[in-house]
1. Which of the residues belonging to region 196-216 are surrounded by 12 or more Cβ atoms within 10 Å (Cβ to Cβ) and polar (S, T, N, Q)?
2. Which condition from (1) touching a residue at least 24 places away in the same chain (Cβ under 8 Å); (2) crowded, with 17+ Cβ neighbours inside 10 Å; (3) part of a strand (DSSP E or B) is the one that residue 97 breaks?
3. Just checking, does region 137-154 include any residue being farther than 22 Å from residue 28 by Cα, touching a Phe, Trp or Tyr at 6+ places or on another chain (Cβ under 7 Å), open to solvent by less than 50 Å² (accessible area, probe 1.4 Å) and at pLDDT below 90?
4. Considering (1) open to solvent by less than 70 Å² (accessible area, probe 1.4 Å); (2) closer than 28 Å to residue 122 by Cα, say which one residue 162 fails and leave the rest.
5. For region 185-216, give me the residue count where each residue is outside any strand (DSSP E or B) and in contact with a Ser or Thr (Cβ under 7 Å, 6 or more places away or on another chain).
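The values are calculated or read from the model by the stated rules, or taken from the named source; none is laboratory data. Since this is a predicted model, take the numbers as computed values, not measurements. Positions of Cβ are generated from backbone atoms using ideal geometry, with glycine treated the same way; all protein chains shown enter the neighbour counts. Just so you know, the surface numbers come from the protein's heavy atoms only, side chains and all, with ligands and any DNA or RNA stripped out. Shrake-Rupley method; radii C 1.70, N 1.55, O 1.52, S 1.80 Å.
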Amino acid sequence: GDPTFGAVPLAPGFNADASYTPSAGVASTLQAAGFTLPAGGAITFSGSWNPGSSPTFVAALNAPPGFPFLALPDGGAITGATLSFSAGTLSLAVSGAIPIPGQAVATVAVDVDVGLSDGSFTGTATVSGLYVFGVTVGLTGTLSRSAAGVVTAEVSTCQPQGTGCTPGPIAGPITPFPGVPVQLSNVDLSLGTSGLTVSGTMSVAGLASLSMSGSLQSLQ
């Protein structure tokens, strides 16, 4: 007799692989971030799609060896990186950690969208749980890269408020060294391509005050 065929019910959606050859600008951005591109330059993405959502493809690339675009204090390191493509946008997400003696590690997150033609990008950078001068602060701001390859970071102090962080300096006064009559106020931290810098006002024994600025090379 005739063979009988059964129907196998499959959930709607798909899984697929795709090959993408980045423009020279995008390749330059990825290499500046520390990614090593495959021979020939083509990047393989693995993707999936479910009804009601945009297909998302994630690149099969090894994470960079160091944290890209921002110079973390001594001991800070990258913990993960993801390159993805969804809804016509190429996105780079990078996470990192900064160890702090006697405290939980501070976390760093960078999320940028990369221009497909020239490799420029815009996005955000956030630092949570940074413990400096005896207080816990955060940093938040923007990160961008021009088509010419110039990276600009404006990531500065914010005050943790519940699940958010309100931009602004630490009002103080802060006594950073127990037993030493030195207090700090209006302390502002900034994280950029050259590292972590600090500025504010210092008073000694409640008498004289002066402006201070410098860099924090290590939190150890």
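1. 197, 199, 201, 203, 209, 215, listed by residue number.
2. Just one mismatch for residue 97, condition (1).
3. No, the conditions are met nowhere in region 137-154.
4. (1)
5. Looking only at that region, the number is 0.
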